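The structure under discussion appears below in the form of C-alpha cells.
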Amino acid sequence: MKLVVITHVVHVQKDGAFWGYAPYIREMNIWFKYIDEVVVVAPLEIKKDLTEIDTFYDCESISFKQIPNFNFISLKNTFNSVFKLPLIFWRIFWAMYKADHIHLRCPGNVGLIGCFAQIFFPNKKKTAKYAGNWDPESKQPLSYRLQKWILSNSFLTRNIQVLVYGDWKNQSKNIKSFFTATYSENEKQTVLKNNIDEVAKFIFVGSLVVGKNPLYAIKLVQVLNESGIKANLDLYGNGIEKNNLENYIIENKLEEFVFLRGNQEKDVISQAYKKSHFVLLPSKSEGWPKAIAEGMFWGCVPIATKISCVPFMLDYGNRGVLLEMSLEKDLIQLTNLIKNNETLMNKSRLSQEWSQNYTTDFFEKEIKNLL
C-alpha cells in the first residue's frame, strides 16, 4: 500500500532522514508500521535548526514531495502565496493520483488545499486527522470552518474517516471520534503525589504564545502566593511570548516560584509531570490537549479551559478543574481544592486511571483498524 500524507508541518532533511515536530512524527511512525511505501507532501526548509522537540521518521521506504511554505498573515505573504497555490495544488493532486490511501492532516493551509484536491478522488480510501477544535459552536477562522465543512460533506468527501477529538451530536457518517497518545502500556505506573502542605507544584507545557495563555498561568500562581498558599510553576516550551513573560516575572518579583524551563525532551517532561500536583493549560483553543492528557497520565490534576473536548477529558470537573478565566473565581476554585487533600488525591487518581486507558498500544490497534 502506498500512503500519501498531506501536511503543513515544516520538515528538515538531515543525515539522510526527514525531521519535524516530534508529537506528529511519533504518531505517523505508528501509521507507517503498516504501510509498504510512504510519500510525504509538505514544506521543507534547508536552513531550519533542529530543536529538542524534533524527531525523524522511522521508515525505510519514504519519499518526500516538497511544496513551498506559505501563509496569509500579511498582505505581502498573501500576494506571494497566490502565485504558489497552483504549484502546491498540482503537486498534491499528482501525489494523490498515485496513492492507494490518502491521509490529510488538518487544520492548516496545506490541509485546506488537500481538502479541495481529494474531491477529485472519490473512490480512493482516505483518512483525515483534524487536530483542532471540532466543536460546531466554536468561533474559528474561515479556513478552519471551510475544512470542517468539506470533510463533513459526504457528497464532496467520500470514502473517508475523519478523526476528530470529542463526541459531537448530529455529525455526518464521515466523522469518527478519536484520541491521541504519548505513553505505552509498559510505561504505566501508579504515581502517588507528595503532600501538598508545603508547596503546590504546577506545570505548564506548551508553546509560549498568546493562544496558549501562559501569562494567565503565571498570574494564577501569583495570586495563590499572594493569598498565602505557597505554589511553584514550571513552564516548559518556547515561543514569541518568552521575553514578555520574563519581563513580567522580573517586574513582579516572581523569580522564586515561577521558572521558564524552555523546550525539553520527552523524558525530562515526564519526570516533571511526576513531581507536579497540577498540569495547567488556560489555552484559548485546543483539539486534544496532549499536555493535559500527559499530565493526567502521571497523576497531575488537570486545570484547563472549557474548550473543545476538554470538559469530557476532565469529566466536567470530576477529575479536574475547569477554569472560569477569572482570577478571582479560579483562585477560589484552586484554594478550595488545595485545602481539601482528600478531594485532591481523588481527582489525581481518577485522572491517572482515565488517561492510562489511552496508550500508544491502544492507539496503534485503532490505526491498524483504520488502514
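Every number in this text was worked out from the coordinates using simple rules, so none of it is lab data. Just so you know, these numbers come straight off a predicted model, no measurement behind them. A quick note on method: Cβ atoms are made from the backbone with ideal geometry, for glycine too, and the neighbour counts reach across all protein chains shown.
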Restricting to Cα pairs below 8 Å that are 6+ residues apart, what does the relative contact order work out to for the chain? Please round to a whole percent.
14
Per-residue ³J(HN,Hα) for the stretch 219-233, Karplus 6.51 cos²θ - 1.76 cosθ + 1.60, θ = phi - 60°, Hz, x for Gly and Pro:
5, 5, 5, 4, 5, 4, 5, 5, 8, x, 9, 6, 8, 10, 9
Please compute the Cα-Cα pair-distance distribution of the stretch 105-152 with 5 Å bins starting at 0, giving whole percents from short to long.
5, 21, 36, 22, 11, 5, 1
Long-range amide H partners of residue 205, meaning residues 5 or more apart or on another chain whose placed amide H is closer than 5 Å, are 236, 280
Table column - 3J(HN,Hα) (Hz), the stretch 14-21, Karplus curve with 6.51, -1.76, 1.60, x for Gly and Pro:
8, 6, x, 10, 9, 10, x, 4
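Could you give the length gained on full extension between residue 346 and residue 190, defined as 0.36 nm per residue of separation minus the Cα-Cα distance, in nm? Can you show the working numbers first?
Numbers: separation 156, 0.36 × 156 = 56.16 nm, distance 1.31 nm.
This chain segment gains 54.8 nm when fully extended.
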How would you classify the stretch 179-277 from its alpha-carbon gyration tensor, with a ≥ b ≥ c the square roots of the eigenvalues: rounded for a/c under 1.5, else prolate if a/b is greater than b/c, otherwise oblate?
oblate
Can you tell me the FRET efficiency between residue 100 and residue 306 if r is taken as the Cβ-Cβ distance and R0 is 45 Å, rounded to the nearest 0.05?
0.65
Point-to-point label distance, residue 268-residue 75, nm (Cα→Cβ direction, 7 Å offset)
4.3
For the residue pair residue 158 and residue 370, what label-to-label distance in nm results when each label sits 7 Å from Cα along the Cα-to-beta-carbon direction?
2.2
What are the ³J(HN,Hα) couplings of the stretch 103-110, residue after residue, when phi is run through the Karplus curve with 6.51, -1.76, 1.60 and θ = phi - 60°? Round to Hz, x for glycine and proline.
10, 9, 10, 10, x, x, 4, 5
Rounded, prolate or oblate for the stretch 26-173? Axes are the square roots of the Cα gyration tensor eigenvalues, ordered a ≥ b ≥ c, and the cut-off for rounded is a/c under 1.5.
rounded
How long is the gain from residue 17 to residue 259 if the chain were fully straight, where each residue apart is worth 0.36 nm and the alpha carbon distance is subtracted?
83.7 nm
What order do you get for 300, 106 when you list them from fewest to most C-beta neighbours inside 10 Å?
106, 300
Once you place label points 7 Å from the Cα toward the Cβ at residue 325 and residue 139, how far apart are they in nm?
0.9
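Residue 119 to residue 243: FRET efficiency via 1/(1 + (r/R0)^6), r the Cβ-Cβ distance, R0 45 Å, to the nearest 0.05?
Numbers: r = 44 Å, r/R0 = 0.98.
After rounding, the FRET efficiency stands at 0.55.
Express in nm, to one decimal, how much length is gained between residue 168 and residue 315 on full extension, taking 0.36 nm for each residue of separation and deducting their alpha carbon distance.
Values: separation 147, 0.36 × 147 = 52.92 nm, distance 1.52 nm.
The residue 168-residue 315 span can extend by a further 51.4 nm.
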Report the relative contact order of the stretch 184-264, percent, no decimals, based on alpha-carbon pairs under 8 angstrom and at least 6 residues apart.
32
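How do 158, 91, 105 line up, fewest other C-beta atoms within 10 Å first?
Working: 158 15, 91 18, 105 22.
In order of increasing Cβ crowding within 10 Å: 158, 91, 105.
What ranking of 215, 75, 163 emerges when the number of other C-beta atoms within 10 Å of each C-beta is taken as an exposure proxy, fewest first? Each step should come with its number before you reach the end.
Working: 215 15, 75 8, 163 22.
Lowest to highest Cβ neighbour count: 75, 215, 163.
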Residue 227 to residue 87: FRET efficiency via 1/(1 + (r/R0)^6), r the Cβ-Cβ distance, R0 45 Å, to the nearest 0.05?
0.20
Considering only DSSP beta bridges where both residues belong to the chain, give the percentage that are antiparallel (nearest 5).
10
Zone of residue 9's modelled label, taken as backbone nitrogen in the stretch 185-209 under 19 Å from a point 7 Å along Cα→Cβ
206-208
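Calculate the translational D of the stretch 189-355 in whole µm² s⁻¹ from Stokes-Einstein, where the hydrodynamic radius comes from the Kirkwood formula applied to all Cα pairs, the temperature is 4 °C and the viscosity 1.567 mPa s. Spell out each step's value before the answer.
Numbers: Rh = 15.6 Å.
Here the translational diffusion coefficient equals 83 µm²/s.
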Calculated Rg and Dmax of the chain using C-alpha coordinates, Å
21.4, 64
